[in-house]
C-alpha cells in the first residue's frame, strides 16, 4: 500500500494500490465513414461509424520499492487487470494494461521523491462513478 503523500488519487491495479496524479484523462472518439456521393454538391460528407475508441490514461505514480520492476514485469507478461482510479471527485474503473512506464527526471521542487510516468490502455471502456 502506498504511503501518505499529496498525490490526490489512488490507482489499484492487479490487487496493489499506488498513489498517483492523473495527468491525462481518456478521450472518447468515434470513427467516421465517408458518405460522399454524386448528390453531395462537390462537398465531402461523413457520418459517424458508431465505433467508439477510448484513449489512454497518463499518470504520475510515486515510486516506491519495486514499483518500476512490478510495472515492467506486468508489461512483459501482457498483464490485463482491473484498474480502479479514485480521487475525491470520481472513480474510474476498467480493464486495462500498462502501455508504457518511464522514470521521471529529477525535480528541483521535490528532490527526495522518485516518480514514474505510467500510461494505461483500456481493453474496452472506463466506467465513471
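The values are calculated or read from the model by the stated rules, or taken from the named source; none is laboratory data. A quick note: this is a predicted structure, and the numbers were derived from the prediction, not measured. Cβ: placed from backbone, ideal geometry, glycine included. Neighbour counts: every protein chain shown.
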Review point. Residue 73 fails exactly one of the following numbered conditions: (1) in contact with a strand residue (DSSP E or B) (Cβ under 6 Å, 6 or more places away or on another chain); (2) free of Cβ contacts under 8 Å to residues at least 12 places away in the same chain. What is the number of that condition?
Key: (1)
Point to revise | Counted residues, segment 42-61 - those being surrounded by fewer than 11 Cβ atoms within 10 Å (Cβ to Cβ) and out of contact with any strand residue (DSSP E or B) (no Cβ under 6 Å at 6 or more places or on another chain) | key: 4
Exercise for review: Test residue 117 against the stated conditions and say whether it is at pLDDT 90 or above, within 17 Å of residue 13 (Cα to Cα) and loosely packed, with under 14 Cβ neighbours inside 10 Å.
Suggested key: no
Exercise for review: Scan segment 23-40 and give yes if some residue there is surrounded by 16 or more Cβ atoms within 10 Å (Cβ to Cβ), within 17 Å of residue 119 (Cα to Cα) and in contact with a strand residue (DSSP E or B) (Cβ under 6 Å, 6 or more places away or on another chain), otherwise no.
Suggested key: yes
Practice item. Could you please let me know if residue 64 is under 12 Å from residue 122 (Cα atoms) and either out of contact with any strand residue (DSSP E or B) (no Cβ under 6 Å at 6 or more places or on another chain) or surrounded by fewer than 16 Cβ atoms within 10 Å (Cβ to Cβ) (or both)? Key: no
Review point. For segment 43-55, does any single residue satisfy the condition of being under 16 Å from residue 23 (Cβ atoms) and at pLDDT 85 or above?
Key: yes
